[in-house]
Amino acid sequence: MKQFLLIIGSRMLQLIIMVLVLSFITFLLMKITPGDPIRTMLNVEDMAATKADEERLMKEYKFDRPILEQYGEWVIGVLQLDLGESLISKRPVLDMILEKLPATLSLSIGGLVVLFIIAVPMGVLGAVYEGRWPDYLSRWTALTGASIPSFWLGIMLIYVFSVQLNLLPVMGKATLAHFILPSVTLGVAMAPLYIRLLRERLIATLQSSYIEAAKARGLGKKRILFSHALRGSLIPLVTMFGLSIGGLLGGVTVIEILFSWPGMGELIVNAVMSRDYPVIQGYILIIGFLVVVSNLVVDIMYVIINPQLYNGKESM
Amino acid sequence: MSNSLLTVNNLTIESRSGEPLLKGINMEIGRGEMAALIGESGSGKSLTARAILGILPDEMKVNGQILYKGRDLLKLSENEHRLLLGKEIGIIFQDYRGSFTPYIKIGQQMIETIRTHQRISKKAAKEAALLVLRETGLESERVYNSYPFQLSGGQVQRAAISMTLALRPNMLICDEVTTALDLMNGEKVLKYIDKARRETDCAVMMITHDLAQAYKWSDRMHVMYQGAIVEDGPTEQIRFHHQHPYTRKLCSSLLSLPKERKASSAEGVYSI
Amino acid sequence: MKTAVIRTSLSLGNVNLVLGLLLAVFITSVTLIGGSLVPHDPFQVDMGNRLQNSSSIHWLGTDQLGRDILARLVYGAKLTIGLGTVAIVVAILIGVPVGLISGYIGGKVDAILMRIVDGILSFPDFILAIAIAGILGPNLTNLLIAIVLVRWIVYARVVRGLVLTEKQKEYVLVSQTANSSSLKTIRMHILPQVIPDIIVMAAIDVGKVILLVSSFSYIGLGAQPPIPEWGAMLNDGRSYFQVKPLLMVYPGIAIMLTVLCFNLLGDGLKSHYDIRRGRGRI
Amino acid sequence: MSILVVDNLSKQYSKNLQALKQLSFSLEQGESLGVVGESGSGKSTLARILIGLESYQEGAITFQESPIAPKKRAPLRAYRKNVQMIFQDAASALNPKLPIWKSLLEPLKNYSEFTPSFIEVDGLSDKDIAEKLLGLVGLDSNLADRYPGELSGGQKQRVNIARAISLEPSLLICDEPTASLDVTVQVQILTLLKELQQQLNITILFISHDIRAVTFLCERIIVLKEGSMVDQFELDDLYKSRRNSYTKALLDAASL
């Protein structure tokens, strides 16, 4: 139990450090370009932009105050779950993000499922048939897969399955069928890294002395692969899951734009285009929170899979 | 020798590139015998053991005969060979940490091994496992319920030995079992192996680079050098009346303790 | 892990290096020869010649504004590869010294620095780049600044890790007991061990930057029209997808081949160094 | 005259891990002292503290009558010229990317004002000096241009010894110098150390788990167990009945 508290504690610390550092950097960067959001707003509100208007807005949004004071206020707001309001739509940032979050999460989960469906068998095949054709297949899939831009893959999939064959819908998220193309694109785009990781890790495990010992005890091949070697490779699988989260949340942005998926990707790209800083800040905060929470889950899974970690010893 | 258990005839191993790794090994190990296979790194000791067990990497080419109780191990199918492992022929490795899969409890692995070779219930297997653990002088229940990392090196090594002996093999291969252990722990392990050998009449093939250990424990010594056995014979004969120049060099490299110096300076043991 | 990598290298490694080099020669020659044999201005709009198929004048046809596609691809190649290389070189120049010093000196400063770095690194780099580029304004230069800001940290982290391993090697300890200065020990014993890993990482990273830049341009946060960056070209061609799918195919293939080239080079170099370091299997 | 005095030396890594407990001994000029212990006895920690790679919390170390500060990376220039160490792993003590002669000359380059006595004439090139050093340890001079990967384990350890004695130190610390070598090579290295000690009048602190090696090289022996010194004696007194029970057990395990 103490172990779990320790893990949770250290992850919380990570969250705090990450959010403070990132938000402070973004605040500093904003300071470099102080006038811009005001000018954007003036355009949006379609007013004749006068010097006076600009100053009024600067005051209203406290952009004329020292940066540390602005930053302090933002942090206090965050602690009260107040992420400010959008400069453009004037709506609370938290509401805007929470509204879009489910769509992004469901697509991410879809991508993750596809990722595992591809990466696990490919990685295992590559390792078990090391040096033979399934291995070459696995390696070349990983290599070329890592070279294809995900959005282009998506375009090609759309072209084949929607435009030419007219099998699958493209835009929006109305039905389950809508999930297929975006999830596949996301999963395929992310798979190469993990095929490689799993393959290399499993090959190393298969050569380790405890596998030799298991052979010398006369255990069957299947038994050795599934209950001894793969058990050891569950650790990289979990690592894989942990590593995926960040990449997934980044990669999903492009896919969302491509498939007009109504998730956070659209929100953030629009916010960036219109320099809607509170939204950008809030978005970073939420992503940071998601990353830390998923890392926390991974940490706890580690301890369950690998009892050695109870002792605080590394096994990898 | 009528009580021969293992006979190796002209065993050769080549690497994938055709480089000879073993150059025609001939060896005979009798039932219940403690035979030492001694040599320096790269002499081919471990390779010989792995050939007997049939766990060499696929790309190596093996030729010759390995007769175990009259059956040629090299002619067995993979499955037939596998069923001999653990049951008839056991091995204990140098790296005791690698004897057990690190994230499975020792008891579970013992049951798994026992049940691979004997059709008995889990409960019976557990009892058998606890019994052999107790025989080694370990706290059987605790060891049974432990992960390997929770035990000390000596304990893991003894647990590994007891698991290997649980199926009462007729032959035990000890591959540098004391190298990773401290001197005194190593002695304890060897004492236990010797005791088990006497009780079950199991032959032991002791692979080692430690001359003192071979002198102390073995009945017969096989001296390996660069992939060949250059000399073999009863331990006393190798120690005091060796013929081959390499054996002489090897034997003279055992530094003697002050007492031994006086006793054995006449016998060619290295002295100042 | 190490043995696994070595096995790969022995069977496939040099093939990768050779393929990577061949691809590099191909890309270079297309860029140089293609540009000079059929000289077109990649920015020249010619509304009379829209969406042409390939011909002896326009080898790959023209786009929706009548611009020569090959000329735009070639320009894009120079732009993308150049930018990727510059970004990574700058990131290395900042990150490597920081990693060397932080790892070698160690202590509290190192611990605090790495805690912060880990915090930033666990954050998805794509989103960090969005945030930075977003705040500075969406264009190619700011995107590159964002990439450098993120990547130098990665190099610092990796180099520091390598230094920590190297620092434990006995020959580094020997160097210390021989009273060599920290700078001398780093230069003589640590840096040479680290350089191959940096080269391999850099090769693969240039590919990653190319992918990132094209993704950004595609969603409108990177290169802005009319710059013929490949991602931006794909964005441009979106509306004409039904009419002329090839408009979407060419830039995609260009990206893929270029990134593949860097990946092959990275892989091949890695096995090359592994073998040279004598990490081969017996 | 005592060249090195260790007084009440203690080193604690963490709350539960005390590597050395109030260790006191001294080393006379020209003698060779053996330190025997099993793993976890603190013998390697002792070596690393003495060579200045690790700090210590309590006690004092006096070398040639001047105190050596407990701080890690203390300014040790003069001390390090006089105290050199040979490490356990012959292979990893040499940078694989440097030719032998470069590795050999690293210490001398840091003490350019010092001319060792084996350089009889001035104006020798770096290579010449390296070849002379190789000669001192019985190696062929053509190894100077080779890389560590091309040398056998024994040759590598000879190179390490040559490098350590290049500064003509008064004290040579040997931390398990033969543990990574084949048995037939071990004897050769030990014999070399013995010869060098007599030739150059070096004081040797020889740390090993191998009681046979220690009795071969050393006239005086101390026994460490879990960070404490449990026994200390002259070689001739090895079998005396007043030996500590731990010493007896060690000796018993090693005996044939």
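Would you calculate a helix-derived [θ] at 222 nm for the protein assembly as shown, using -39,500 (n - 2.57) for each DSSP H run of n ≥ 4 and dividing by the full residue count, to the nearest 500?
Mean residue ellipticity at 222 nm (helix-derived): -17500 deg cm²/dmol.
Mind checking D:250-256 for the average number of partner chain beta-carbons within 10 Å of each residue's beta-carbon?
Mean inter-chain Cβ contacts per residue within 10 Å come to 6.
Report the one residue of C:HIS40, C:VAL249, C:TYR155 whose Cα lies farthest in the direction of the positive end of the charge dipole of chain C (charges on C-beta: Lys and Arg +1, Asp and Glu -1; origin at the Cα centre).
C:TYR155
For the range D:113-186, what does the relative contact order come out to in percent, with C-alpha contacts under 8 Å and a separation of six or more?
Relative CO of the range D:113-186 lands at 28 percent.
Could you please put A:ARG201, D:ARG80, A:ARG65, C:ARG238 in sequence from largest to smallest accessible area, using a 1.4 Å probe?
C:ARG238, A:ARG65, A:ARG201, D:ARG80
Got a number for carbon plus sulfur as a percent of the protein assembly as shown's accessible area, 1.4 Å probe?
59 percent
Among D:LEU190, D:LEU167, D:LEU98, whose Cα projects farthest towards the positive end of the dipole of chain D, with charges put on the beta-carbon of Lys, Arg (+1) and Asp, Glu (-1)?
Of D:LEU190, D:LEU167, D:LEU98, it is D:LEU98.
What is the distance, in nm, between label points placed 7 Å from the Cα along the Cα-to-Cβ direction at C:ILE112 and at B:ARG248?
Those two pseudo-labels are separated by 7.0 nm.
Give me the mean projected area, in nm² to one decimal, of the convex hull enclosing the Cα positions of the range A:107-160.
Seen from a random direction, the Cα hull of the range A:107-160 projects 4.3 nm² on average.
Please give the Cα centre distance for the range D:56-133 versus the range C:132-200, rounded to the nearest Å.
So the two Cα centres are separated by 28 Å.
Which angle from 0 to 90°, rounded to the nearest 10, does the C-alpha axis of helix B:153-166 make with the longest principal axis of chain B?
80 degrees
Above 16 angstrom, tally the Cα pairs of the range A:230-278 and express them as a % of all pairs, no decimals.
Every Cα pair in the range A:230-278 considered, those over 16 Å come to 55 percent.
Let's test the formula: R0 of 41 Å, r as the Cβ-Cβ distance of B:LEU131 and A:VAL293. What FRET efficiency results, to the nearest 0.05?
0.25
If you count the DSSP beta bridges with both ends in the protein assembly as shown, what percent of them are antiparallel, to the nearest 5?
The antiparallel fraction comes to roughly 55 percent.
If you wrap a convex hull around the alpha carbons of the range D:72-211, what volume per residue comes out, as a whole number of Å³?
It comes to 117 Å³ per residue, whole-number rounded.
As a test, work out the antiparallel percent of DSSP beta bridges whose residues both lie in the range D:72-211, rounded to the nearest 5.
0 percent
Taking the inverse of the average 1/r across all pairs of different Cα atoms in the range A:100-273, what Kirkwood radius in Å do you get?
Answer for the range A:100-273: a Kirkwood hydrodynamic radius of 17.4 Å.
Once R0 is set to 60 Å, what does the formula 1/(1 + (r/R0)^6) return for the Cβ-Cβ distance between A:ILE300 and C:SER239, expressed as a FRET efficiency to the nearest 0.05?
Given R0 = 60 Å and the Cβ-Cβ separation, E is 0.80.
How big is the Cα convex hull of the range B:122-272 in projection, averaged over all directions, in nm²?
Averaged projected area of the range B:122-272's Cα convex hull equals 11.0 nm².
Heads up, I need the accessible area for A:VAL124: 1.4 angstrom probe, whole protein in place, Å², nearest 10.
We get 30 Å² for A:VAL124.
Be a star and scan the range C:36-67 for residues whose amide nitrogen sits under 12 Å from the point 7 Å along the Cα-to-Cβ vector of C:ILE253.
Correct set: C:54, C:60-61.
Just to confirm my numbers, what's the Cα centroid distance between the range B:83-157 and the range A:205-275 in Å?
Each part's Cα centre sits 33 Å from the other's.
Find, to one decimal place in angstroms, the Kirkwood hydrodynamic radius of chain D, where the mean of 1/r is taken over every pair of different Cα atoms and then inverted.
Taking every pair of different Cα atoms in chain D, averaging 1/r and inverting gives 19.0 Å.
Taking R0 as 45 Å, what's the FRET efficiency between A:GLN207 and B:LYS122 from their Cβ-Cβ distance, rounded to 0.05?
It comes to 0.90.
Kindly express, to the nearest 10 degrees and within the range 0 to 90, the angle between helix D:245-254's C-alpha long axis and the longest C-alpha principal axis of chain D.
Compared with the principal axis, the helix lies near 50 degrees.
Roughly how many nanometres apart are two label points built 7 Å out from the Cα toward the Cβ at A:ILE76 and D:ASP237?
For the pair A:ILE76/D:ASP237, the computed spacing is 7.7 nm.
Leaving ligands and nucleic acids out of the surface, order D:MET85, A:MET273 by accessible area at 1.4 Å, largest first.
Result, largest first: A:MET273, D:MET85.
Can you report the principal axis dimensions of chain C using only the alpha carbons, biggest first, rounded to whole angstrom?
Each principal axis gives a Cα extent; for chain C these are 77, 47, 29 Å.
Using the basic label-point model (7 angstrom from Cα toward the beta carbon), what is the A:LEU168 to D:LEU124 distance in nanometres?
7.5 nm
Once Lys and Arg get +1 and Asp and Glu get -1 on their Cβ, which of D:GLN88, C:SER214, B:LEU254 lies farthest toward the positive end of the dipole of the protein assembly as shown?
B:LEU254
Out of all DSSP beta bridges in chain B, what portion is antiparallel? Express it as a percent rounded to 5.
55 percent
Which pairs in the list C:LYS270/D:LYS43; A:LYS215/B:LYS122; B:LYS45/B:LYS69; B:LYS87/D:LYS248; B:LYS105/B:LYS188; B:LYS45/D:LYS132 are over 29 Å apart, alpha-carbon to alpha-carbon?
Flagged as over cut-off: C:LYS270/D:LYS43; B:LYS87/D:LYS248; B:LYS45/D:LYS132.
If the elastic network links every pair of Cα atoms under 10 Å, which of C:ALA202, C:ALA156, C:ALA131 fluctuates the most in the Gaussian network model of chain C?
C:ALA131
Does chain B come out rounded, prolate or oblate, given a ≥ b ≥ c as the square roots of the eigenvalues of its C-alpha gyration tensor, rounded meaning a/c under 1.5 and, failing that, prolate meaning a/b above b/c?
Oblate, because a/c is 1.5 or more while a/b does not exceed b/c.
Taking the Cα centre of chain C as the origin, how large is its charge dipole in debye, to the nearest 20, when only Lys and Arg (+1) and Asp and Glu (-1) carry charge on their Cβ atoms?
Approximately 900 debye in magnitude.
Just how much of B:THR208 is accessible, in Å², when a 1.4 Å probe is used and the result is rounded to the nearest 10?
We get 0 Å² for B:THR208.
Starting from 0 in steps of 10 Å, tell me what percent of the Cα-Cα pairs of the protein assembly as shown lands in each bin.
All Cα pairs, binned at 10 Å, distribute as 2, 8, 15, 18, 18, 15, 11, 7, 4, 1, 0, 0 percent.
Can you give the extra length, in nm with one decimal, that the chain gains between D:SER245 and D:TYR13 once fully stretched, where that is 0.36 nm per residue apart less the Cα-Cα distance?
The D:SER245-D:TYR13 span can extend by a further 80.7 nm.
Please compute the average number of Cβ atoms from other chains found within 10 Å of each residue's Cβ in peptide B:113-120.
For this peptide, the per-residue mean of nearby foreign Cβ atoms is 2.
Using Cα-Cα distances under 8 Å and only pairs 6 or more residues apart, what relative contact order does chain B have, in percent?
Dividing the mean separation by the residue count of chain B yields 24 percent.
Compactness ratio of the range C:13-110: Cα Rg over 2.2 N^0.38 Å, N = residue count?
Relative to the 2.2 N^0.38 Å estimate, the range C:13-110 comes out at 1.68.
In what sequence, largest accessible area first, do A:SER106, D:SER245, B:SER43, A:SER260 appear using a 1.4 Å probe?
Putting A:SER106, D:SER245, B:SER43, A:SER260 in descending order of accessible area: D:SER245, A:SER260, A:SER106, B:SER43.
Quick one: Debye curve from the C-alpha atoms of the range D:215-256, no solvent, what's log10 I(q)/I(0) at q = 0.20, 0.21, 0.23 Å⁻¹?
Here the Debye-derived log intensity ratios amount to -0.61, -0.67, -0.81.
Just need the relative contact order of chain C here, percent rounded to a whole number, with Cα pairs under 8 Å and 6+ apart.
That works out to 29 percent.
Under the definition of partner shielding as Cβ atoms of other protein chains within 10 Å of a residue Cβ, what is the mean value for peptide B:101-107?
Rounded to a whole number, the mean comes out at 6.
If the only charges are +1 at each Lys and Arg Cβ and -1 at each Asp and Glu Cβ, what is the size of the charge dipole of the protein assembly as shown around the Cα centre, to the nearest 20 debye?
Computed charge dipole of the protein assembly as shown: roughly 1920 debye.
For the range C:167-282, how big is the tail of P(r) above 24 Å, as a whole percent of Cα pairs?
52 percent
When the dipole is taken about the Cα centre of the range B:4-261, and only Lys, Arg (+1) and Asp, Glu (-1) are charged at their Cβ, what size is it in debye, to the nearest 20?
Charge dipole of the range B:4-261: 580 debye, to the nearest 20.
Keeping all protein chains in the complex and leaving out DNA, RNA and ligands, what accessible area do you get for B:THR164 with a 1.4 Å probe, in Å² to the nearest 10?
Answer for B:THR164: close to 20 Å² accessible.
For the range D:1-103, what is one quarter of the convex hull surface built on the Cα atoms, given in nm²?
Spelled out: convex hull of the Cα atoms, projected over all directions, averaged, 8.1 nm².
The values are calculated or read from the model by the stated rules, or taken from the named source; none is laboratory data. What you see is a predicted model, and the numbers here were worked out from it, not measured in a lab. Virtual Cβ from ideal backbone geometry, glycine too; neighbours counted across all protein chains shown. Heavy atoms of the whole protein, side chains included, go into the accessibility calculation; ligands, DNA and RNA do not. Shrake-Rupley method; radii C 1.70, N 1.55, O 1.52, S 1.80 Å.
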